[in-house]
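Data first, discussion second: the structure below is written as structure tokens.
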Amino acid sequence: MSALARKHDGLMARSVREALGSVFAADARDRLLEDAITDAGVETVPEEAERARDFVEGPLRRAVLVAAGAEAADAVVDGLDPILQMAGSHVRLRRRDDDDTQVRLSRSTLPAPPAEDGLGLEGPCPVLMATLDRTGVDGV
């Protein structure tokens with residue numbers, strides 16, 4: 001792990017690095033992230049939803065806009081929008097290093113299985129999908 005990755009290891013910082021990395025090479029990505037952090041006057045990408053959105057739509061967008069133009073800036077901001085929306089909805093994301101790795105659901109919160117149709121097949125199961133690729137969401 002690079003020094004920059006260790007310095008900016010929060011979920012939002014990793015998401016910003018990933019979004020920048022989808023448009024820029026690693027060295028440009030890291031430079032742009034540092035430029036945006038310096039412009040914002042913070043030590044790292046804010047983790048709180050509102051402050052993170054202000055960072056992404058302000059200093060980060062400006063840094064990308066200056067470096068590569070409006071199309072690249074829009075691509076980075078649009079790529080981060082699902083993460084910012086999720087953060088703003090108070091959905092808690094599980095960290096990979098959480099001690100409690102088993103998901104616990106109460107039986108009362110699970111939907112009852114659909115009735116069998118005589119063929120021994122059950123109905124469709126609900127699926128949760130997360131992606132930074134907005135183009136694939138409509139297809140699903």
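The values are calculated or read from the model by the stated rules, or taken from the named source; none is laboratory data. Since the structure is predicted, the reported quantities are computational estimates derived from the model, not experimental observations. All Cβ positions, even for glycine, are placed from backbone atoms using ideal geometry, and neighbour counts span all protein chains on display. These area figures cover heavy atoms from the full protein model, side chains too; ligands, DNA and RNA do not enter into them. Shrake-Rupley method; radii C 1.70, N 1.55, O 1.52, S 1.80 Å.
For this structure, a couple of remarks:
- Residues (open to solvent by 70 Å² or more (accessible area, probe 1.4 Å) and either more than 14 Å from V16 (Cβ to Cβ) or more than 14 Å from the chain's Cα centre (by Cα) (or both)) located in the stretch 66-84: V66, E71
- Residue match in the stretch 26-41 (condition: among the hydroxyl-bearing types (S, T, Y), surrounded by fewer than 17 Cβ atoms within 10 Å (Cβ to Cβ) and assigned to a loop (DSSP other than H, G, I, E, B)): no
- Taking the conditions (1) small (G, A, S); (2) at pLDDT 95 or above; (3) under 13 Å from the mean Cα position of the chain (by Cα) in turn, A63 satisfies each one other than (3).
- Candidate set from the stretch 50-65 (those that are open to solvent by 30 Å² or more (accessible area, probe 1.4 Å) and either of a type in the set (D, E) or touching a residue at least 12 places away in the same chain (Cβ under 8 Å) (or both)); member that is farthest from S89 (Cα to Cα): R62
- R6 over 13 Å from I83 (Cβ atoms), modelled with pLDDT of 95 or more and not polar (S, T, N, Q): no
- Check on E18, assigned to a helix (DSSP H, G or I), in contact (Cβ under 8 Å) with a residue 60 or more places away in the chain, among the acidic types (D, E) and surrounded by fewer than 19 Cβ atoms within 10 Å (Cβ to Cβ): yes
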